[in-house]
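The structure is given below, and queries will be raised subsequently.
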Amino acid sequence: MERITMQDLQVLWREGTAPCVSIFLPTHPKGPGTQADPIVLKNLIRDAGARLAELALREPEARALLAPVEAMAGDQAFWKEQTPGLAVFRSPDLFRWFHLPEAPAERVVVTGRFHTRPLLPCLARNAPVHVLAVSLNTVRLLRIVGSEVETLDLPGAPTDLRDFTKYEDPQQDQQFRGEGGLTISFGGSEVDAKDTRMRYLRAIAKAVH
């Protein structure tokens with residue numbers, strides 16, 4: 001599913017050629033409801049036509065304006081892949097539609113500008129989230145947008161605890177043995193392991209910073 005961006009909204013906000021038709025409807029990704037979705041859109045198109053008539057738009061002009069939306073309603077291939085919701089925007093100079101991750105309330109708005117409020121939650125939903133996944137065996141930085149997960153490079157971070165201990169400074173180890181009489185090495189005492197793991201986490205934190 002193509003994500004809705006702030007740039008998409010800005011395009012809709014800049015559109016100033018009236019009338020602007022905004023149509024929202026819940027759709028069904030699968031199941032019996034998929035056959036009813038085109039019918040619902042056709043009903044909403046008729047509603048839009050009636051509202052255009054109230055704005056004194058002549059019927060031929062209204063039909064021409066809504067023709068791309070009519071074509072969408074009759075496109076069987078289009079309805080094969082749906083999400084929980086659909087938003088359609090049409091004006092004399094613009095025709096855009098978006099699949100929505102959540103079902104909107106069924107609605108038709110015909111005014112001098114597009115009705116975009118139902119799209120605003122999509123921006124928050126599509127905001128990237130970064131997750132740092134750390135264990136003794138792996139270090140991963142993930143970027144999550146919606147349902148998409150991408151693994152990012154984390155320069156300077158150890159790949160795991162063994163990798164970290166392999167490149168530790170021998171002088172640093174010697175200093176610790178002199179102060180505490182303990183050996184810092186992978187697989188050493190419990191105190192050694194805790195200290196090594198703490199430095200391991202600090203090295204990861206430094207790379208993230």
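A short reminder: the numbers here are calculations on the coordinates, not readings from a lab. Computed from a predicted model, the values in this text were never measured in an experiment. Virtual Cβ from ideal backbone geometry, glycine too; neighbours counted across all protein chains shown.
Simple spin-label model, 7 Å along Cα-to-Cβ: Glu59 to Met198 in nm?
Between Glu59 and Met198, the simple spin-label model gives 8.3 nm.
Taking just the alpha-carbon atoms of the stretch 1-67, what radius of gyration and Dmax come out, in angstrom?
Both quantities, over Cα of the stretch 1-67: 14.8, 40 Å.
Further question on the same structure: Reported to two decimal places, what Rg/Rh ratio describes the stretch 1-133 when computed on Cα atoms with Rh from the Kirkwood expression?
Taking Rg over the Kirkwood Rh, I get 1.00.
Figure the gain on full extension for Val11 and Glu148 (residue separation times 0.36 nm, minus the Cα-Cα span) and round it to one decimal in nm.
Contour length minus Cα-Cα distance gives 46.8 nm.
Pulled fully out, how much extra length does the chain show between Ala205 and Leu132, if you take 0.36 nm times their separation in residues and subtract their Cα-Cα distance?
Working it through step by step, the gained length comes to 25.3 nm.
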